[in-house]
Ligand code: NAP
């Protein structure tokens with residue numbers, strides 16, 4: 001391959017590495033995204049110079065369609081739909097890898113060396129299962145596929161059998177690459193496996209599934225790189241594959257799922273039809289009560305969740321925080337790793353509202369501070385502050401680390417009504433004597449609170 005293309009690919013790979021590095025901190029995340037986008041542009045431009053390209057018209061058509069769809073999704077899809085958008089991107093990225101693999105097999109199948117066929121097999125298996133798995137994940141997140149686990153008796157054994165036949169076809173193909181039946185059997189089974197892997201998983205576990213599928217689609221791209229002899233695909237795919245895997249591990253920890261469960265697809269074994277464990281009454285509080293508490297507090301901790309995202313309350317929250325700080329109140333934000341609907345969701349929203357990173361505290365940092373906190377304000381969060389995860393070993397979310405707002409001197413929960421969180425579980429926090437419920441849309445409640453604090 002042309003030396004100039006290799007140099008462009010090298011530059012693209014370096015940009016990807018720096019892009020990922022930038023994503024390790026909210027401060028540098030925007031720059032990281034720009035670097036990664038520049039890397040992707042370089043990789044596309046480099047590929048356009050490939051000497052084996054004979055005609056460009058299909059490429060231009062593809063670029064146009066992909067570019068228009070990508071731009072439309074970025075501009076019009078709201079932040080709250082980001083997981084669905086990501087699921088679709090994974091699905092189509094994986095489909096692209098699989099289609100390249102099929103084309104390669106159709107063109108050179110019988111004459112391929114064993115190593116190349118091995119890489120091709122990985123590409124097809126990971127690409128196909130990620131394609132259908134991501135589509136099911138999209139369906140579950142979008143609500144067109146049932147969010148609760150869809151299982152049948154013996155599903156795990158059936159899946160294991162299917163996996164065994166798929167791997168058997170792969171081994172046979174590696175032994176004799178000219179056997180097209182083995183190739184297409186492997187492909188069809190991988191497509192089915194993707195569906196069967198994700199349908200038994202409850203929607204509450206979708207973040208782990210998504211990051212794992214992200215990892216698979218990266219590895220499929222890396223395998224494509226081996227098949228095509230394309231270095232940038234190998235590097236970018238490996239980076240994607242392993243960063244997705246690391247994210248899966250971190251998400252597992254944050255949601256208390258074991259990585260073994262994730263790897264062997266034993267999701268859905270946990271029932272998400274938990275009993276309503278909370279008893280008693282919720283205590284409603286008024287804007288004025290809360291405003292007085294906040295205005296005279298020494299320390300206030302805001303704990304945002306999905307409701308802050310749907311209400312788009314981040315700017316109002318920043319204004320309230322500024323107001324309190326101006327009165328000498330120490331204001332902190334406690335951020336749970338799976339608050340919202342995507343990793344880093346709260347950080348992104350608060351960064352958008354220019355809340356300084358110095359007041360954002362991760363769960364482990366803020367928890368020891370909560371007993372010293374006068375008021376913990378829960379803004380549209382539910383599961384991530386559910387004390388059942390800590391106190392009730394029978395709860396489906398038992399062991400999931402939470403932000404322990406119930407240890408604060410006083411808790412105010414901002415939500416619209418008695419709606420449950422993503423897990424569909426009741427939250428005993430709302431019934432505790434320390435907790436006051438401020439009902440209403442988070443944005444109007446926060447705006448009202450700011451007004452009331454001004455009048456205190
Ligand atoms: P949550 O448990 O889903 O609870 C959100 C709460 O916000 C609801 O109880 C709802 O109650 C309230 N709410 C909704 N709209 C509101 C509005 N406009 N104003 C005020 N309140 C509003 O959220 P979370 O505590 O952030 O927990 C996240 C959950 O999502 C976890 O279970 C996590 O595992 C899961 N998840 C996370 C990710 C991720 O990567 N971060 C991805 C997918 C799923 P009302 O209806 O009563 O208002």
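Given the criterion touching a helix residue (DSSP H, G or I) at 6+ places or on another chain (Cβ under 8 Å) and within 8 Å of the ligand (Cβ to nearest atom), identify the matching residue among 341, 327, 318. It is 341. Restricting attention to the stretch 134-153, does a residue exist that is in a loop (DSSP other than H, G, I, E, B) and either in contact with a helix residue (DSSP H, G or I) (Cβ under 6 Å, 6 or more places away or on another chain) or modelled with pLDDT of 95 or more (or both)? Yes: one or more hits. Only one entry of 423, 395 meets the criterion of being more than 9 Å from the ligand (Cβ to nearest atom), at pLDDT below 95 and at negative phi, and that entry is 395.
Report yes if some residue within the stretch 405-416 is surrounded by fewer than 19 Cβ atoms within 10 Å (Cβ to Cβ), within 14 Å of the ligand (Cβ to nearest atom) and either on the phi < 0 side of the Ramachandran plot or under 26 Å from the mean Cα position of the chain (by Cα) (or both); otherwise report no. Within the stretch 405-416 (the criterion being surrounded by fewer than 19 Cβ atoms within 10 Å (Cβ to Cβ), within 14 Å of the ligand (Cβ to nearest atom) and either on the phi < 0 side of the Ramachandran plot or under 26 Å from the mean Cα position of the chain (by Cα) (or both)), the answer is yes, since at least one residue qualifies. Applying the set (1) crowded, with 19+ Cβ neighbours inside 10 Å; (2) touching a helix residue (DSSP H, G or I) at 6+ places or on another chain (Cβ under 7 Å) to residue 363 leaves exactly one unmet item: (2).
Yes or no, residue by residue, for (1) at pLDDT below 95; (2) over 30 Å from residue 113 (Cα atoms); (3) within 14 Å of the ligand (Cβ to nearest atom); (4) within 17 Å of the chain's Cα centre (by Cα):
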{"site": "180", "(1), (2), (3), (4)": "yes, no, no, no"}
{"site": "199", "(1), (2), (3), (4)": "yes, yes, no, no"}
{"site": "217", "(1), (2), (3), (4)": "yes, no, no, yes"}
{"site": "246", "(1), (2), (3), (4)": "yes, yes, no, yes"}
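For the stretch 431-456, the set of residues classified as in contact with a strand residue (DSSP E or B) (Cβ under 6 Å, 6 or more places away or on another chain) and more than 8 Å from the ligand (Cβ to nearest atom) consists of 434, 435, 436, 437, 438, listed by residue number. With respect to the conditions (1) within 16 Å of the ligand (Cβ to nearest atom); (2) more than 20 Å from residue 141 (Cβ to Cβ); (3) at pLDDT 85 or above; (4) out of contact with any strand residue (DSSP E or B) (no Cβ under 7 Å at 6 or more places or on another chain), residue 238 falls short on a single one, namely (1). Scan 282, 346 and give me the residue that is in contact with a strand residue (DSSP E or B) (Cβ under 6 Å, 6 or more places away or on another chain), within 21 Å of residue 438 (Cβ to Cβ), assigned to a helix (DSSP H, G or I) and within 16 Å of the ligand (Cβ to nearest atom). Among 282, 346, only 346 is in contact with a strand residue (DSSP E or B) (Cβ under 6 Å, 6 or more places away or on another chain), within 21 Å of residue 438 (Cβ to Cβ), assigned to a helix (DSSP H, G or I) and within 16 Å of the ligand (Cβ to nearest atom).
Against the definition (farther than 19 Å from residue 314 by Cα, touching a residue at least 40 places away in the same chain (Cβ under 8 Å), more than 9 Å from the ligand (Cβ to nearest atom) and under 27 Å from the mean Cα position of the chain (by Cα)), how does residue 387 come out, yes or no? So residue 387 fits the description; yes.
Taking helices (runs of 4 or more DSSP H) as the structural unit, those lying wholly within the stretch 1-113 and holding at least 1 residues that are over 30 Å from residue 194 (Cβ atoms) correspond to 3-22, 26-48, 57-76.
The values are calculated or read from the model by the stated rules, or taken from the named source; none is laboratory data. Just so you know, these numbers come straight off a predicted model, no measurement behind them. Heads up, the Cβs are rebuilt from the backbone with ideal geometry, glycines too, and the neighbour counts pull from every protein chain shown.
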